[in-house]
Amino acid sequence: MSDRLKIILLLLPAMSVIVLLFFGGLLIGLMRSFNYMPVIGLTEPNLQAYINVFTDEEFYWSFLLSFHISFTSTLISCILAVGAALLLRRAFIGRAVINFLFQLNLTVPHLVGAIGILYLFSQSGVFARLAAEVDLIQRPADFPAMVFDPFAIGIILQYVWKEVPFIGVIVLANMQALGENYESVARSLGASKWQTFRHVLLPLIFPGILSASVIVFAFTFGAYEIPALLGANYPAALPVLAYRSYTDVDLAARPEAMALAIIIAILSAVMIFIYIRYSRKRVRS
Amino acid sequence: MTHVSIQELTKVYPGADTPALDRLSLEIASGELTALLGPSGCGKTTTMKMIAGLLEPTSGDVRFDDRSILRDKPEHRGVVMVFQNYLLFPYMSVADNVGFGLKMRKTDPTEIKRRVSEMLDLVKLPDVGDRRPSALSGGQQQRIALARALIVQPEVLLLDEPLSNLDAHLRFEMRDLIRSLQQEMGITTIFVTHDQEEAVVLADRVALILDGQMKQYDRADAFYKRPVDEATARFFGGHNFIPGKSVGGTFDGPLGQLTLADGAVEGAGKLTFRPENVRVGQGDGNNLSARVADVIYLGTQTRLKLRVGETEIDAVVNPNEVEGFKPGDIVPIHLPPQTLWVIS
């Protein structure tokens, strides 16, 4: 058996899952978004669903909101994760414990985290009541809206809480593999601590940050459950909008749901492409 | 030109019982090229890092021209360290690597460009500026690392095993380059190595460090001719150590009475002589008769294992002199008095 054939055969099981489930799903979604459903007699594909989506003002607000959620939570998570990794790579007493605590919530499901955020930060939550108790505010309801709010603070909090350890673990592994010698060289060549971070460490760990943040960005842009639980009703994040259309009593809204899903996928891909191109140039200049 | 004075420099790592470096004192004259020589883990890299400010000493002082530099930040010490594995920044062009130190000092970009091209000429790689470090050979990377260090005109240059990663033919090229640049720019240079050959070919003076302690600090030839103790002699390839007593210019031991050169240490001690100083045949004084135990052909040299009575003697000789020698032969040898040295 030739090596080529062997490789193809070995890849076949994994590839068939990806091709059948992922591309299959994508294809069916694409067909439905074009109003093409031969089972119920729709055999003339058209762009009506896309036209409906793009002419609805809510779509644009939803896009802005989703972008804001993904961008802000990815950015904050990256900054905190790099900071945490910088601290955690040093040797200090109790590092193992801190390291364990840092990574602990990697195992906690998003939904559980969301309920935690709800309990803690909502206007009837623990912090609101505590603030009222110590007379910082008059009533718990005076607590600033951090859940179901238009700025999606609760959603971003939840994502940051969950993604900081994820990015942190990747960046930390990256830093540990690099060692400190590159930074030592830079210091001895006259770079200050900040210059060493900016011109040496950051470009070196950047591939790690990039792949981790792309995963986080794509995930947060397309994820449904957290915005559904912690988000405001209007505007809703794009995946929530898509799900609403899908479960609409009016079956005619289904192609719109599919069109939205396809649009979410394309937008993610385009934004990630732009991000990779732009950030690589910036960091390595 | 900077005089470097290392005074009782000590480093104990947290949790370690014994110091990694124990009260090292060295005076390095301005513009001199000094080797810190010792096996891995002997404390030599620790010493370099403390001089560079990358590691805090437990006690002791490092002074440049009589000014302590221990409180200065690494970037203000005027010390540049070149690491063994070069550590060129992989995401920058070669020119950006060389100009890095100047960029950090916010030097004008046109000035950086001019000096980078000067530096590349100096290390004889004028055309590689636009390449990535990964496109260079090991020897070329080494030269770029050197250029990157020298462009900031350091007061003190630290080199970590500068020749170890190079092929034999590149070693001499690199040695000449380092020596000529160092002399031209007059930079006080310290390098660490575990390879005595590297220390000998490159350094003006060598400091031998064994187990965190300095054994001897001297010109290279002294380690062969006048080692301070057996460990030092062994590190430099010494094999012959014969116990006995030195009285009035004569060494009395299992080889009988041997004449010593003037000024030998008196009293009980060990006689040592280099394997390459054992002569086959009769000569002036110290003639012995030895039995050949083994003949090992090494190409340009032949190693003879000899026995005089119960005493083993190691000799390294020209292969032509011992053609036809075989184990069991009885051969005349002699030990020239000026090559004998007594360790007290």
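At-a-glance table
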item	result
Top-ranked residue of the stretch A:138-166 - restricted to ones that are over 26 Å from A:SER62 (Cα atoms) and touching a residue at least 24 places away in the same chain (Cβ under 8 Å), ranked as least open to solvent (accessible area, probe 1.4 Å)	A:PRO165
Count of residues meeting criterion [open to solvent by 10 Å² or more (accessible area, probe 1.4 Å) and in contact with a Lys or Arg (Cβ under 6 Å, 6 or more places away or on another chain)] in the stretch B:89-111	1
In the stretch A:117-137, the residues that are open to solvent by less than 40 Å² (accessible area, probe 1.4 Å) and either free of Cβ contacts under 8 Å to residues at least 24 places away in the same chain or part of a loop (DSSP other than H, G, I, E, B) (or both)	A:SER122, A:GLY125, A:ALA128, A:ALA131, A:ALA132, A:ILE137
Selection count, the stretch A:140-173, where residues are of a type in the set (D, E, K, R) and touching a Gly at 6+ places or on another chain (Cβ under 9 Å)	2
Helices (runs of 4 or more DSSP H) enclosed by the stretch B:51-153 - at least 3 residues per element that are more than 13 Å from chain A (Cβ to nearest Cβ)	B:109-122, B:138-150
Residue count, the stretch A:179-233 (criterion: open to solvent by 10 Å² or more (accessible area, probe 1.4 Å), assigned to a helix (DSSP H, G or I) and under 30 Å from B:ALA147 (Cα atoms))	15
Unique match (being closer than 23 Å to B:SER40 by Cβ and in the same structural domain as B:MET50 (by TED's automatic domain parsing)) among B:ALA135, B:ALA145	B:ALA145
Among the candidates B:THR18, B:THR46, B:THR2, B:THR34, residue that is polar (S, T, N, Q) and either under 29 Å from A:HIS199 (Cα atoms) or at the interface with chain A (Cβ under 10 Å from one of its Cβ atoms) (or both)	B:THR46
Any hit, the stretch A:216-232, residues being closer than 30 Å to B:GLY53 by Cα and out of contact with any Phe, Trp or Tyr (no Cβ under 9 Å at 6 or more places or on another chain)	no
Checking A:GLN176 against (1) more than 10 Å from every other protein chain (Cβ to nearest Cβ); (2) under 30 Å from B:MET81 (Cβ atoms); (3) in contact with a Gly (Cβ under 6 Å, 6 or more places away or on another chain), the condition it does not meet	(3)
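The values are calculated or read from the model by the stated rules, or taken from the named source; none is laboratory data. In this text the structure is predicted, and so the values were computed from the model without any measurement. Virtual Cβ from ideal backbone geometry, glycine too; neighbours counted across all protein chains shown. Note: areas computed on protein heavy atoms with side chains; ligands, DNA, RNA excluded. Shrake-Rupley method; radii C 1.70, N 1.55, O 1.52, S 1.80 Å.
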